[in-house]
Amino acid sequence: MRQHFFEVLAVLLVGGSLIFFYECAQYLAKRDYVGSLILMTIGLSVITVGKEMARLALVQKE
Amino acid sequence: MEQAFANNGWRKAADAVTAALGINLWAALLFVPALFVGAIHSTPMAIICTLPLVALVVGLVTRHAIILLLLFPLLLLVPLVADGRIIASNIEGVGSFALLGGSLISYLLGASFMSAFHEPTPPDRTRKLAITRPGEQPRSTMPARWGRRFRVFNAFFVLSIIFPAVLLYAINFAPDNQQYMRALYVNRTASMKTVMNLGVLVWWLALFTTHFLGPLQSHRTGDKQIRRELAILRSDVSRGAPRPVFYLGVLGALCFMGLLLYLRYR
């Protein structure tokens, strides 16, 4: 279970960041530029965390 | 002899598949819609529409990955910019857009996979290195760390298809967003969509480079790539003339300046 923990977390976080980017596009369509910028920052943070989880998954020893 | 024949057969099949996928993309994205809206009405336009095919043929003959994966898709965009009616007729529905997206992804996957068939001939004999401790049996299954790596690679591959598709859907097809844009960007909806699509393209390229390729870069094993990069660096140092990318940049800049002038003053 522990072996797959980082892999599953990485996929969930990277895939989950897409929700924030989708909402960012929606806020842009509503002309709420501040909101869209905040959502983009959140999405970027989430995907960065997901990237780190993927990196940890790849460097795990057997 | 049999190995050489098999390699040659595989290469021809690879070229045929790449050519078929490229022609399919050109016809679906450009040629058929251009004929439908009557965009090929002058010699310059006919030349612009034929240029991607020329690049495809050159890329197949030289098996140059940059021509197949970058130049050919870029040249497909030129007629779309010259006459916006071509792309407008393509993205009216989710189905047609999905079909186009599928054609593009199939071509990129096929071309990148098939262009790997220029690898050197494998040696006549190979021997596996059995790394075992005394008394142990050699491993016959893949080590767990490689299984993990392939799972992460596959997951990122699937996500890299889903990401741009969802973002493009949000801008071009999501009903709520279309309603907002029509209400808030009156008479400017098409322009705003174009800007947002370009923004998504730039954003996705940056995201892919930093967050998708980033974790995988340090796990590219095998020193073929490093040896190739070192050889390129050595030849660059001794080379007195500009590299081909310089000429490509100059040509691209001149062509797009010409296109801009043509669109502004026609």
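Quick look at the values:
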| read-out | value |
| --- | --- |
| Residue within the range A:2-10 that is under 16 Å from B:Phe156 (Cβ atoms), within 8 Å of chain B (Cβ to nearest Cβ) and buried (at least 19 other Cβ atoms within 10 Å of the Cβ) present | yes |
| Those residues of the range B:163-181 which are within 10 Å of chain A (Cβ to nearest Cβ) and exposed (fewer than 13 other Cβ atoms within 10 Å of the Cβ), in sequence order | B:Asp176, B:Gln179 |
| Within the range B:68-90, tally of residues that are aliphatic (A, V, I, L, M), surrounded by 16 or more Cβ atoms within 10 Å (Cβ to Cβ) and over 16 Å from B:Phe113 (Cβ atoms) | 8 |
| Sole exception among (1) modelled with pLDDT of 70 or more; (2) over 20 Å from the mean Cα position of the chain (by Cα) for B:Leu205, by number | (2) |
| Filter result (facing chain B (nearest Cβ under 9 Å) and either surrounded by fewer than 20 Cβ atoms within 10 Å (Cβ to Cβ) or outside any helix (DSSP H, G or I) (or both)) within the range A:23-43 | A:Glu23, A:Gln26, A:Lys30, A:Arg31, A:Met40 |
| Number of the condition not met by B:Phe97 [criteria: (1) out of contact with any helix residue (DSSP H, G or I) (no Cβ under 9 Å at 6 or more places or on another chain); (2) more than 21 Å from B:Gly252 (Cα to Cα)] | (1) |
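The values are calculated or read from the model by the stated rules, or taken from the named source; none is laboratory data. This structure is a prediction, so every number in the text was calculated from the model and none was measured. Reconstructed Cβ throughout: ideal geometry from the backbone, glycine too, with neighbour counts over all protein chains shown.
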